[in-house]
Amino acid sequence: MNRPTVNRGQLVVLSGPSGVGKSTIALRLRSETGIAYAVSATTRTERPNDDKGKVYEYIDQAAFYRRLDADQFLEYAQVHGHYYGTPVHPTLDDLGDGKDVLLDIDVQGALQVRYQYPDALLIFILPPDEPTLLKRLEGRGRDSKDDMTRRFRAAKREIHMAKGSRAFDHMVINDDLDRAVSEIRRIIVNKKAGAL
Ligand code: 5GP
């Protein structure tokens, strides 16, 4: 379904492969700018060492399907064998109230947002290089070796898909957290200035 463009708050999508640091960047943006943040629903179970930046509502598959049928997700995707979705509310309510809203989602979800909300600002976070990404995935110490290999392969696919899609407005390299956060803040300010 093609939803109407929301003109008030700015919808900002941060996407990129697992391990690239998007949840950490999202956390910094939230604390530095006060941007609203959409809490995703997921069918995966909670991990004790989950990213601190990413908060989920954990639900079972039946509940996920019910919400999907009721059109309660702004976008959703199956990632690494689990469902993830952004709730329509409060996301649209916040945008309607003039608040900017940040989503931290995978590439498939970002492409759905691009289609439904042409004015959304889509930012893709890239690792400086592949060995650095692999090291970051290993450094998180929360995934099994198989899981890590799967995530690394998926990351390479996602980067390829993102570059090929031309759907993203900006590609930001997370070579240094402070630098990447400043760059993204500048991108958001410029987009809003252009929208006035
Ligand atoms: P993780 O299980 O590592 O927290 O997340 C796996 C992937 O799912 C990450 O790339 C994350 O950004 C993505 N993700 C988290 N929430 C959502 C969501 O609501 N929608 C979509 N499409 N992807 C999500």
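The values are calculated or read from the model by the stated rules, or taken from the named source; none is laboratory data. It should be emphasised that the depicted structure is a prediction, and the values quoted were computed from it without experimental measurement. When we count neighbours, we look across all protein chains shown, and the Cβ atoms used for this are built from the backbone with ideal geometry, even at glycine. All accessible areas refer to the heavy atoms of the entire protein, side chains included, with ligands and DNA or RNA removed. Shrake-Rupley method; radii C 1.70, N 1.55, O 1.52, S 1.80 Å.
Might you check whether a residue that is β-branched (V, I, T) and modelled with pLDDT under 95 occurs anywhere in the range 8-20? Give the steps one after another, and end with the answer.
To start, the set of residues in the range 8-20 that are β-branched (V, I, T) comprises 12-13, 20.
Checking the rest, the ones that are also modelled with pLDDT under 95 come to 20.
The answer is yes, given that some residue of the range 8-20 is β-branched (V, I, T) and modelled with pLDDT under 95.
In the range 42-66, how many residues are without any contact (Cβ under 8 Å) to a residue 40 or more places away in the chain, in contact with a Phe, Trp or Tyr (Cβ under 6 Å, 6 or more places away or on another chain) and not in a loop (DSSP other than H, G, I, E, B)?
Here the count works out to 1.
Does P131 satisfy the criteria of being within 30 Å of D69 (Cβ to Cβ) and away from the ligand (no atom under 13 Å from the Cβ)?
Details: within 30 Å of D69 (Cβ to Cβ): no; away from the ligand (no atom under 13 Å from the Cβ): yes.
In short, no.
Sort out which residues of the range 138-167 are under 26 Å from R114 (Cβ atoms), open to solvent by less than 40 Å² (accessible area, probe 1.4 Å) and part of a helix (DSSP H, G or I), and write them in order of number. Reasoning before the result, please.
The initial filter retains those residues of the range 138-167 that are under 26 Å from R114 (Cβ atoms), namely 150-167.
Subsequent filtering for residues that are open to solvent by less than 40 Å² (accessible area, probe 1.4 Å) retains 151-152, 154-155, 158-159, 162, 167.
Across the range 138-167, the qualifying residues are R151, F152, A154, A155, E158, I159, A162.
Exactly one of (1) away from the ligand (no atom under 12 Å from the Cβ); (2) open to solvent by 20 Å² or more (accessible area, probe 1.4 Å) is unmet by R47. Its number?
(1)
Where residues in the range 65-93 are of a type in the set (G, A, S) and open to solvent by 50 Å² or more (accessible area, probe 1.4 Å), which of them is modelled with the highest pLDDT? Spell out how you get there, then give the answer.
So the first thing to find is which residues in the range 65-93 are of a type in the set (G, A, S), and the list is 70, 77, 81, 85.
Add one more test, that the residue is open to solvent by 50 Å² or more (accessible area, probe 1.4 Å), and what stays is 70, 81.
On the way: A70: 98, G81: 89.
Per the criteria, the residue is A70.
Starting from residues that are more than 10 Å from the ligand (Cβ to nearest atom) and either in a strand (DSSP E or B) or β-branched (V, I, T) (or both), keep the ones in the range 25-41 and report whichever is least open to solvent (accessible area, probe 1.4 Å).
Kept after step one, since they are more than 10 Å from the ligand (Cβ to nearest atom), are these residues of the range 25-41: 25, 27-37.
Adding the requirement that they be either in a strand (DSSP E or B) or β-branched (V, I, T) (or both) leaves 25, 33, 35-37.
Working: I25: 0, T33: 72, I35: 20, A36: 20, Y37: 35 Å².
The qualifying residue least open to solvent (accessible area, probe 1.4 Å) is I25.
A quick yes/no check of all residues on (1) in contact with a His (Cβ under 9 Å, 6 or more places away or on another chain); (2) more than 20 Å from R150 (Cα to Cα); (3) not hydroxyl-bearing (S, T, Y):
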{"residue": "A38", "(1), (2), (3)": "no, yes, yes"}
{"residue": "R47", "(1), (2), (3)": "no, no, yes"}
{"residue": "Q72", "(1), (2), (3)": "yes, yes, yes"}
{"residue": "H89", "(1), (2), (3)": "no, yes, yes"}
{"residue": "D97", "(1), (2), (3)": "no, yes, yes"}
{"residue": "L103", "(1), (2), (3)": "no, yes, yes"}
{"residue": "Y115", "(1), (2), (3)": "no, yes, no"}
{"residue": "L121", "(1), (2), (3)": "yes, yes, yes"}
{"residue": "L126", "(1), (2), (3)": "no, no, yes"}
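Does the range 173-185 include one or more residues that are loosely packed, with under 14 Cβ neighbours inside 10 Å and under 17 Å from the mean Cα position of the chain (by Cα)?
Yes, the range 173-185 contains a residue that is loosely packed, with under 14 Cβ neighbours inside 10 Å and under 17 Å from the mean Cα position of the chain (by Cα).
Suppose the filter is more than 8 Å from the ligand (Cβ to nearest atom) and touching an Asp or Glu at 6+ places or on another chain (Cβ under 6 Å); does V101 pass it? Full working, then the answer.
Values: more than 8 Å from the ligand (Cβ to nearest atom): yes; touching an Asp or Glu at 6+ places or on another chain (Cβ under 6 Å): yes.
Judged against the criteria, V101 is a match.
Could you count how many residues in the range 67-88 are under 11 Å from A41 (Cβ atoms), near the ligand (Cβ under 10 Å from one of its atoms) and not in a strand (DSSP E or B)?
0
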